[in-house]
Every structure is written in C-alpha cells, then in structure tokens.
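Enquirer: Mind having a look at this structure? Questions to follow.
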Amino acid sequence: MSLLETFKQPNQLPDHIMSLSEEAMAKRVRAIKQQLGARLFIPGHHYQKDEVIQFADATGDSLQLAQISAAAKEAEYIVFCGVHFMAETADTLTSANQTVILPDMRAGCSMADMANIRQLEQAWERLQAVYGDTIIPITYVNSTAAIKAFCGRHGGATVTSSNAEKMLRWAFAQKERVLFLPDQHLGRNTAADMGIPLEQMVVWNPIAGRFEGGGAEQLEACKMILWKGHCSVHEKFTVDNIRDWREKDPNIQILVHPECSHEVVSMSDISGSTQKIIKTIDEAPDGSHWAIGTEMNLVNRLKQDYPTKQIDSLNPHMCPCLTMNRIDLPHLLWSLEQIASGTPANIITVPDEIKKDAKLAIERMFEHV
Ligand code: 13P
Ligand code: SF4
C-alpha cells in the first residue's frame, strides 16, 4: 500500500480504546503483555514515540531489528513497532507459524514508495541494454519485499545504513557497476566514502524512465547508478543549518544520518545509522554540544537520556517522520487486544514467491556483516 493510499485508510480504533486515559491504556498493554508472555514479541525502532518504545522488548536500527526478529523463534506474534518495510522484513525472516503485525497499516515509508517493481523492471531492461551483464542491483532495506526479491533473483543484496559500505565493497567484487535504490543519498554518500568520484555516479529517474544528466562519456565511466529517491524527513537538513549552528557555537559537533544529502553529510563531523548516533552520544564527554540531523523522536529521547550533554536538532523547525508516528499507544493496545481475543488484525504477509528471493537478498547481507 502506497503512502497516499494509507492516508486514505480510516482510523480503525474502536470507541472503548479512544475513551481510555493514557494511563489506563498503558495498564491494559502491560496486562496483555503479561498474559501472552513469550508468545508475544515487540520490536521497536529508535524513531518510535516514547509512549510506544516503553513497551518494546527490543529496540534497534533496521539491521538490528531484522536480526532480532529472525532470532525471535519462540514468539507466535511479532507486533512490529516501526514502518511497513520493517514488518515485511520480519515476516520474510520468520517461520510460517509466526504472525507479524503492524499496529497501524498507515505506517509506511515515503522513501520505500519511491521505487515500485514495475519501474525497477523497466529500469533494469534499459540498464541491461546499456551495460550488459556488468551491473548488480543493491537495495536499501527501506524498500518493498518485491524490490528486495528482484535484487535477490539478480544476484544482489540488501543493505542498511550501518553496513552500506561493506555491502558495496562486496557488490563491486561481483560486478563493475551497482544500481543502488531507492535512496540516492545513502548510495552517493557511501560510494563517495569509498573514494568513488561523483563524476562516476549517475542518477536514474524512475518516473521519466531515463538517466538524469551525464553525457555519453560519464555513462560509460559510471560505477554507481543512483535511483532518484530520498527520505522526505532527512532532506530537510541543510548546509545552512550547519553554518548557522557553527556560527552560534564553533565547538558544536554535527552528527547526521546518511540519508541526508551529500553536501550535508560532507560538512558534518560524523554520520551513521540511528544506532551509531546513539552510541556516539553515549560515548561523548559531558558538556559536549551536538546538533543531530535525524528524526525528532530520537533526538528528543537523546536529550532526555543525556541531560549532561547539550543536544539540539540540526534543523530547529524539524517535523517528525509522520508515518513512524502513526504507531501510537492506542494502536499498540488495539493490536494487542485483537491478539488476546483470538482475532489478530493488520497481519503482514509477504507472498511465498516473493519471500524466497527477498530472503536470499537479506541473507546475503547477513553473511557479510
Ligand atoms: P536506521 O537503519 O539507521 O535505523 O534507519 C532507518 C530509517 O528509516 C532511517 O530513516
Ligand atoms: Fe522512511 Fe524517512 Fe521515515 Fe525513515 S525517516 S521511515 S526513510 S520516511
């Protein structure tokens, strides 16, 4: 379901939940968790709200949550507090007798919506015509299961923000060129870190079905084909934000997620996955000052958890990731009540024919991290 379609979905919550106080909802969640015991497992992504994350059995970045879900063999129900592609990954990696649930189906990812399988098949046909068998498809996990399956079928793999460089090195050991999708920024930032010049990267526009810019010579020399996709949250961090902070405090350190643009990542002091952002702050000395370029729930949690360090959002007018925030306490409670009453809802099911190849792509990543 695309992001646009998800917003058209009605709110599923019954009146008896909406009329409860936050405290009463939390009490009910605790009671159902206790009742279901080891039959229930709740993974929570770092961007989730505090009202949800307090009930997570494990928290992590995308890579950790995929690994944790794969290892949660005992759980009959995995209630995934994150976005749709993460729940699909969990379903791909768990066995047939396990059920993965997304508390609100409207929790999509605008970046994952920027690549659909029909566009990828068209692009691949064109790229094969230009480059022959010299290219390998690599997808960021922020993509549909169908895209992951395509990569698995064509010898490629998935990557996350915490292993993109390792996986790109692996990819270049297989083929001369990489088609990287759907996030052009993670692709460009990672390739640049590996020393690949920007002139050896071209952008593929999936809507127009053609390369953007790049003359014949650049296409010939090209090593990275970057799908024209991005994160609508991380694109809001700008070079001007960095300049403004450095003007206010020359000692400030800029810490950003690699979904930010190349200009922003190049100007920052450190970039990395949500887990790396947390680790960096955890290890930072008291009194140090940080401007962080990532989702607001995580930045606000770091502010609360590390009061002896000065933490600000890189963009003071930042919006949260609206889809991540679809998962809230009422939806979590509702999904748990549905399980407890024997009528689980919002089940995420990746069709078997897609699952097999998607799993191949994810397992190739697991082998190399
Ligand atoms: P991480 O893998 O760093 O948690 O990132 C996931 C994501 O969607 C960031 O926007
Ligand atoms: Fe998707 Fe961006 Fe939200 Fe991450 S922050 S889930 S990439 S829209």
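Enquirer: Can you give me the pair-distance distribution of the range 106-251, C-alpha pairs, 10 Å bins, whole percents?
Expert: Going from the shortest bin to the longest, the percentages are 11, 42, 32, 11, 4, 0.
Enquirer: Each residue of the range 255-272 in order: what ³J(HN,Hα) in whole Hz does its phi give by Karplus 6.51 cos²θ - 1.76 cosθ + 1.60, θ = phi - 60°, with x for Gly and Pro?
Expert: Values per residue, Gly and Pro as x: 10, 10, 7, x, 7, 6, 4, 4, 4, 5, 5, 5, 7, 6, 7, 9, 9, x Hz.
Enquirer: For Cys151, Cys260, Cys321, which order do you get if you count the other beta carbons within 10 Å of each Cβ and list the fewest first?
Expert: Cys321, Cys151, Cys260
Enquirer: Report the local net charge at Ser232: Lys and Arg +1, Asp and Glu -1, summed over other residues whose C-beta lies under 14 Å from its C-beta.
Expert: It works out to a net charge of -3.
Enquirer: Which aspartates and glutamates, on any chain, are close to Lys356 with Cα under 12 Å apart, when same-chain ones fewer than 8 places away are left out?
Expert: Asp91
Enquirer: Provide Rg and Dmax in Å for the chain, with only Cα atoms included in the calculation.
Expert: Considering the chain through its Cα atoms, Rg and Dmax are 20.9, 65 Å.
Enquirer: Within the range 176-248, which GluC sites (Glu not before Pro) sit in a loop by DSSP and count at most 16 neighbouring Cβ atoms inside 10 Å?
Expert: Glu176
Enquirer: Using only helices, what value at 222 nm comes out for the chain when you add -39,500 (n - 2.57) per DSSP H run of length 4 or more and divide by the total residues, to the nearest 500 deg cm²/dmol?
Expert: Counting only the DSSP helices, I get -13000 deg cm²/dmol.
Enquirer: A follow-up question, please. Got the relative contact order for the range 139-252 handy, in percent, Cα pairs under 8 Å and 6 or more residues apart?
Expert: Over the range 139-252, the number comes to 24 percent.
Enquirer: Filter the cross-link list Lys49/Lys236; Lys248/Lys303; Lys279/Lys355; Lys33/Lys148; Lys49/Lys355; Lys148/Lys175 down to pairs whose alpha-carbon distance in this structure exceeds 23 Å.
Expert: Checking Cα-Cα distances, Lys279/Lys355; Lys33/Lys148; Lys49/Lys355 exceed 23 Å.
Enquirer: Here is a follow-up. Mind checking which aspartates and glutamates have their C-alpha under 12 Å from Lys276, skipping anything on the same chain fewer than 8 residues away?
Expert: Filter leaves Asp61.
Enquirer: When DSSP beta bridges are limited to those with both residues in the chain, what percentage is antiparallel, rounded to the nearest 5?
Expert: Percentage antiparallel, nearest 5: 10.
Enquirer: Using only the Cα atoms of the range 293-369, build the gyration tensor, take square roots of its eigenvalues as a ≥ b ≥ c, and label the shape rounded, prolate or oblate: rounded if a/c is under 1.5, else prolate if a/b is larger than b/c, else oblate.
Expert: Oblate, since a/c reaches 1.5 and b/c is not below a/b.
Since every read-out is calculated from the coordinates, none of them should be taken as a lab result. None of the values given here were measured: they were computed from a predicted structure. Ideal geometry is used to build each Cβ from the backbone, glycine not excepted, and the neighbour counts take in all protein chains shown.
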